[in-house]
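Derivation of every value follows stated rules applied to the coordinates shown; laboratory data play no part. Because the structure is a prediction, the values reported are computed rather than measured. Cβ atoms come from the backbone with ideal geometry, glycine included; neighbour counts cover every protein chain shown.
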Amino acid sequence: MVASCNRSIMTALMGGLLLFKEIIMLVGYLTVKETAEKWGINPRTVQTMCNDGRIANAKKFGKAWAIPENTEKPVDKRGV
C-alpha cells in the first residue's frame with residue numbers, strides 16, 4: 001500500500017514538473033520547431049546549433065531545448 005501510494009505521489013509530482021517545464025517553454029522561450037519556423041531553417045539544424053553551443057542562452061530540459069524568443073539567428077558557419 002505504501003509503495004503504491006508513493007508511486008501515485010511521484011507520478012503526480014512528475015506530472016506537475018512536466019507542466020511546469022511546458023510553462024517555462026511558453027514564457028519568453030521558443031521550442032526548436034518554433035525557432036526553426038521563425039528563422040526559415042530545418043528544426044534539426046536548430047538542434048545542432050543548440051548542441052554546439054551556437055545559440056546563446058538556450059536551455060535544455062531533458063530532451064527539449066528552450067530558446068529565448070529574442071535570440072538572433074547565428075551566422076551560418078558554412079559561409080552559405
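Counting other C-beta atoms within 10 Å, and keeping those with at most 16, which DSSP coil trypsin sites (Lys or Arg not before Pro) do you find in segment 31-80? Write out the running numbers ahead of the final one.
Details: sites: LYS33, LYS38, ARG44, ARG54, LYS59, LYS60, LYS63, LYS77, ARG78; in loops: ARG54, LYS63, LYS77, ARG78.
Counting only loop positions with at most 16 other Cβ atoms within 10 Å, the trypsin sites (Lys or Arg not before Pro) in segment 31-80 are ARG54, LYS63, LYS77, ARG78.
The modelled label-to-label distance between VAL27 and ARG44, using points 7 Å beyond Cα along the C-beta direction, is 3.5 nm.
Electrostatic tally near THR35: other residues with Cβ closer than 14 Å to its Cβ, Lys and Arg +1, Asp and Glu -1, net +3.
The slack between LYS77 and PHE61, meaning 0.36 nm per residue of separation minus the straight C-alpha distance, is 3.2 nm.
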